[in-house]
Amino acid sequence: MAPVSVSPEEARRRKIVGVNAETVTHVSSTDFPGHYPGEDHAWSLEKFAKDFTVQFHQNSPYESTFSLFPLDASIANAFRRILIAEIPTLAIEYVFIHNNTSIIQDEVLAARLGLVPLTGRLEGLNWMQFYKRPVSDEHDASGGGETERDTAADNNTVVLKLQKECSWAPGQPKEGETDPNVLYINSNVYAKDIEFIPTGRQFKEFPSPDGLIRPVNPDILLAKMRPGQTIDLEMHCVKGIGADHAKFSPVATASYRLLPTIDILKPIVGQEARKFARCFPKGVIGLEQEGEEGEVRAVVRDTMRDTVSRECLRHEEFKDKVKLGRVRDHFIFGVESTGQFESDLLFLESVKILKMKCVRLKRSLANVTR
Amino acid sequence: MPSVLANEDQAMDDAPQSGENLAESGGDSFIDLNDQRIRVLPGANDTAASFEFEAEDHTLGNALRYMIMKNPQVELCGYSIPHPSEAKMNIRIQTYEGTTVYDVLEKGFDDLMGLCDVVTEKFTGARDDFNARQKP
């Protein structure tokens, strides 16, 4: 039996999620074999390769937005989850405090340092390996964890230093001077004060000046000090993943939304059309002149800009004239990098990690006792 | 039928002494990703089985479930994470006659890998086009 074909109107109707004033409808995917009698919904790589489209909207180094369609939510969500929690990055993990007489406590300062996004030469970062931690502190003390532990080496640990002492500015300050920047030297400790101490192959992997391991944002305020106070510490950075700690997450945000749809069922004209356009963000609804001296008519211009606020559904006059929705298989991704990697590379990395999961588990499956 | 059911009752091991099992309770980071991480749960036959995946979660679970459900030879596929404090994910597969759950699962992996390749290729192409258009 030849598969039943579906009209374009029916195909479109099927992939629209209805958005009403208070409810949503048709949320789940229905593109499975057996869901519609006689239709073929089996997975076909050729069909996917033919239909699948990527459309870029923005691609600056640390912020990308792009559309992926048609794609199922389960796959899109896997990419999103991997972006947030499974792409390895370098972050400060161990802080050895030699001296800290500032008012910010050791542990608070260490937590702050951990969250500072770092960057360096891309190839060097990819060359870095995971540092195998001791199984637990308890085990470590009894010696049980020692065998499991890696030693810190040039390919798994990056050493940073922060040494800063606050003092009075030279000379007699003016009477009544209160500005700390005039009165003191080094009263503010910034991320740019963190110093990279390369060892071994790190000289080659992170060359000066562009390849050095350094904070992405030099002006992050780490601590404040007053004359006589000192911060002197050493930091060890290791690779980790966001699932372990948010500081290892390579993205500030990685999210998606579904493409909104607006269907005008009955013409909206004149004053009503203007009011209708004001229910949406700028550029979503346009006004068109009908004929030479006809009235203006509301037309849908760019649904991508819509926020689906559902404002138009609050007005009695539009209730039966418009249908809002979203396209279930059109994902508009937004990936904002913290600065260690570029956004588009991060997405490609997430796809690679999903594939690697499959490769490893397929190998694992071959060894399963049947 | 009853004989099959009788086999499904399994004796349960005692919980490990405190400290003994720390390596596993610590989460993903202590499970070597190259270890044997798939196990067939008791009560399986060729057309109906549950697989236990160690150190996997909704990320792979839902994506794999979708790919397996796209296979017309599959009667049912579902996944669950039985307990949030155990890094384990179960996938249940039931197939029609003429295939086995192992083949179906393997096809699921293959399809997902094929999808990843297409996404990478199309993404790279679209990005390079976009960057080229932004330049002049």
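Tallying residues that are open to solvent by 60 Å² or more (accessible area, probe 1.4 Å) and either modelled with pLDDT under 95 or part of a loop (DSSP other than H, G, I, E, B) (or both) within the range A:229-257 yields 3. Of the helices (runs of 4 or more DSSP H) that lie entirely inside the range A:1-102, those containing 2 or more residues that are open to solvent by 40 Å² or more (accessible area, probe 1.4 Å) and within 11 Å of chain B (Cβ to nearest Cβ) span A:45-51, A:73-85. Of the candidates A:Ile332, A:Ile353, the single residue that is modelled with pLDDT of 95 or more and open to solvent by 20 Å² or more (accessible area, probe 1.4 Å) is A:Ile353. For the subset of the range B:43-67 comprising residues that are of a type in the set (D, E, K, R) and open to solvent by 20 Å² or more (accessible area, probe 1.4 Å), which member is nearest to B:Asp111 (Cα to Cα)? My answer is B:Arg65. The set of residues in the range B:76-120 that are of a type in the set (Asp, Glu), free of Cβ contacts under 8 Å to residues at least 40 places away in the same chain and closer than 23 Å to A:Ser44 by Cβ comprises B:Asp103, B:Glu106, B:Asp110, B:Asp117. Quick one: in the range A:339-367, of everything that is within 7 Å of chain B (Cβ to nearest Cβ) and in contact (Cβ under 8 Å) with a residue 60 or more places away in the chain, which residue is farthest from A:Val216 (Cα to Cα)? Once the filter is applied, the top-ranked residue is A:Leu354. Taken together, the residues in the range A:172-197 that are open to solvent by 30 Å² or more (accessible area, probe 1.4 Å) and within 22 Å of A:Ala110 (Cβ to Cβ) amount to 7. Counting only residues that are small (Gly, Ala, Ser), more than 25 Å from A:Pro117 (Cα to Cα) and either modelled with pLDDT of 70 or more or buried (at least 16 other Cβ atoms within 10 Å of the Cβ) (or both), the range A:127-171 holds 5 of them. Does A:Asp320 fit the bill of being open to solvent by 60 Å² or more (accessible area, probe 1.4 Å) and outside any helix (DSSP H, G or I)? Taking the combined requirement at face value, the residue satisfies it.
Taking A:Gly200 as the residue in question, decide whether it is among the small types (Gly, Ala, Ser) and surrounded by fewer than 19 Cβ atoms within 10 Å (Cβ to Cβ). So A:Gly200 fits the description; yes. Would you mind stating whether A:Pro218 is modelled with pLDDT of 95 or more and in a loop (DSSP other than H, G, I, E, B)? Answer is yes for this residue. In a residue-by-residue description of the range A:215-225, the property of being closer than 17 Å to A:Asn156 by Cα and not polar (S, T, N, Q) applies to no position. For the range B:28-52, the tally of residues that are at the interface with chain A (Cβ under 7 Å from one of its Cβ atoms) and within 9 Å of the chain's Cα centre (by Cα) stands at 1. When the range A:339-350 is limited to residues that are in contact with a Leu (Cβ under 9 Å, 6 or more places away or on another chain) and polar (S, T, N, Q), the one that is surrounded by the fewest Cβ atoms within 10 Å (Cβ to Cβ) turns out to be A:Gln340. When B:Lys135, B:Lys70, B:Lys107 are checked against the criterion of being modelled with pLDDT of 95 or more and open to solvent by 50 Å² or more (accessible area, probe 1.4 Å), a single residue qualifies: B:Lys107. Checked against the criterion of being farther than 26 Å from A:Val335 by Cα and within 8 Å of another protein chain (Cβ to nearest Cβ), the candidates B:Phe130, B:Phe109 yield just one match: B:Phe109.
Residue by residue, here is whether (1) within 33 Å of the chain's Cα centre (by Cα); (2) in the same structural domain as A:Phe69 (by TED's automatic domain parsing); (3) in a strand (DSSP E or B) holds:
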site	(1), (2), (3)
A:Asn155	yes, no, no
A:Leu160	yes, no, yes
A:Glu175	no, no, no
A:Val182	no, no, no
A:Pro209	yes, no, no
A:Pro227	no, no, no
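Of the residues making up the range A:258-289, those that are open to solvent by less than 80 Å² (accessible area, probe 1.4 Å) and farther than 30 Å from A:Asp72 by Cα number 12.
The values are calculated or read from the model by the stated rules, or taken from the named source; none is laboratory data. Worth saying up front: this structure is predicted, and the values here are computed from it rather than measured. For neighbour counting, all protein chains shown are included, and Cβ atoms are generated from backbone atoms with ideal geometry for every residue, glycine included. The area values use the complete protein model at the heavy-atom level, side chains included, leaving out ligands, DNA and RNA. Shrake-Rupley method; radii C 1.70, N 1.55, O 1.52, S 1.80 Å.
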